[in-house]
Amino acid sequence: MSKKLRGIGAEKSLSLEEQLAKINDIRKMIGPIADKLPAICSDASLSRYLRARNWNTKKAAKMLKETLKWRLEFKPEKIRWEDVTHEAQTGKVYKANYSDKKGRTVLVMRPGFQNTTALGGQIKHLVYCMENAIMTMNPDQEQMVWLIDFQRWTMGSISVKAARETAKILQNHYPERLGLAILYNPPKVFESFWTMVKPFIEPKTYKKVKFIYSNDLESQKTMEELFDMDKLDSEFGGKSSAGFDYEAYGQRMREEEKKVSDSNISGPSSPVLSVTMESQQSGSLAAAGRASDEDDSSSVDEATSNLEGLDEETQDQPSNCENVANDDAAEVVKE
């Protein structure tokens, strides 16, 4: 059992056996799909879906099913740097070259640097950044930090529709990936926008949000506790003047993509591949039986049809969300 799974018990007050029982329940609900996507259906992955749905197996299974369908259609693992270069030019979302003191990947988000109007392109860029952050995450971490900078932000920087779609993608398809969200120097006018978008944010996610102000001593102390100030960008109160360099960042992304490509060739024993498999294997179900790109649509339809009955199947499955039965859990573990 991995450290990630062992640490979950204290968080949700579930014993290790109870956690395993829930995970095995979901595997039974998903059926053969779990064998085709072993990384996405790993213990660590399934536990994130369960935690996101308060260990309700039916709700977690449904959430997982929707993610599988979304990944088959959206194909996030196929997005490359060259596909999002225009969206990335201003550094509105990028992965920092430093982690927090816990070793968590840091995604910097600067909505005030929005440079496009097409929501589809914006979402594609966001998904690319999320996939890359997960792909390069430290092996002992499964969550990241979002550092949201309100420099140049106005009410026109992002629409409520875009905020709603962003929240939907992140919450529904990347459960329990957020460890902390820091809202840095939000202006007074942001309060009204926050009131509008708050209903789209799950309470569990909302509790991970911290408001930080550069002129507040307590906020400064919080940043010092979270980050190495020598590495943190000066715009967040740190001492580094590196900032965002589009050309250097693009080169970094290309190099990381090459490592993944090389790992695919070297085989599953590669350390990099083991980190990226959860992202990449989502395409394996759609790829099965596909002779060419022209057949993408029919392959997706066929693969998606294999998921259609999951909602009905989960209705017949027992849910132990409210009261976990130790005897039942032990029986599932034995199996």
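The values are calculated or read from the model by the stated rules, or taken from the named source; none is laboratory data. Please read these numbers as outputs of a predicted model, since none were measured by experiment. When we count neighbours, we look across all protein chains shown, and the Cβ atoms used for this are built from the backbone with ideal geometry, even at glycine.
Pro111 meets the conditions (1) within 15 Å of the chain's Cα centre (by Cα); (2) more than 19 Å from Asn172 (Cα to Cα); (3) at pLDDT below 95 in every case but one. The failed one is (1).
May I ask you to verify whether Lys204 is in the same structural domain as Tyr174 (by TED's automatic domain parsing) and not in a helix (DSSP H, G or I)? Considered against the rule, which asks whether it is in the same structural domain as Tyr174 (by TED's automatic domain parsing) and not in a helix (DSSP H, G or I), Lys204 comes out as no. Restricted to region 77-151, the set of strands (runs of 3 or more DSSP E) holding at least 2 residues that are assigned by TED's automatic domain parsing to the domain that holds Ala162, crowded, with 17+ Cβ neighbours inside 10 Å and in contact with a Lys or Arg (Cβ under 6 Å, 6 or more places away or on another chain) comprises 144-149.
The set of residues from region 94-110 being within 26 Å of Thr67 (Cα to Cα) and touching an Asp or Glu at 6+ places or on another chain (Cβ under 8 Å) comprises Val106, Val108, Met109. Screening Arg53 on (1) within 24 Å of Pro203 (Cβ to Cβ); (2) modelled with pLDDT of 95 or more shows it passes everything except condition (2).
Is it the case, given these coordinates, that Leu5 is at pLDDT below 85 and surrounded by fewer than 21 Cβ atoms within 10 Å (Cβ to Cβ)? So Leu5 fits the description; yes. Candidates in region 161-196 are the residues that are out of contact with any Phe, Trp or Tyr (no Cβ under 8 Å at 6 or more places or on another chain) and among the aromatic types (Phe, Trp, Tyr); of these, the one that is farthest from Gln141 (Cα to Cα) is Phe193.
Just one residue in the set Val160, Val189 is in the same structural domain as Thr117 (by TED's automatic domain parsing), closer than 29 Å to Leu64 by Cβ and surrounded by fewer than 16 Cβ atoms within 10 Å (Cβ to Cβ); that residue is Val160. Looking only at region 228-239, residues that are in contact with a helix residue (DSSP H, G or I) (Cβ under 8 Å, 6 or more places away or on another chain) and in contact (Cβ under 8 Å) with a residue 40 or more places away in the chain come to 2 in all. Of everything in region 233-264 that is closer than 23 Å to Ile134 by Cβ and touching a Gly at 6+ places or on another chain (Cβ under 8 Å), the residue that is surrounded by the most Cβ atoms within 10 Å (Cβ to Cβ) is Asp233. Looking at the structure I just gave you, is Asp140 modelled with pLDDT of 95 or more and among the charged types (D, E, K, R)? Considered against the rule, which asks whether it is modelled with pLDDT of 95 or more and among the charged types (D, E, K, R), Asp140 comes out as no.
Residues considered: Lys36, Lys95, Lys12. Of these, the only one that is among the basic types (Lys, Arg) and modelled with pLDDT of 95 or more is Lys95. The residue of region 160-199 that is nearest to Tyr49 (Cα to Cα), among those that are of a type in the set (Ser, Thr, Tyr) and touching a residue at least 40 places away in the same chain (Cβ under 8 Å), is Tyr174. If the condition is being of a type in the set (Ser, Thr, Tyr) and within 17 Å of Glu176 (Cα to Cα), then region 94-149 contributes Thr105, Thr136.
Can you pull out every residue in region 31-54 that is buried (at least 23 other Cβ atoms within 10 Å of the Cβ) and among the hydrophobic types (A, V, I, L, M, F, W, C)? Those that are buried (at least 23 other Cβ atoms within 10 Å of the Cβ) and among the hydrophobic types (A, V, I, L, M, F, W, C): Ile40, Leu46, Leu50.
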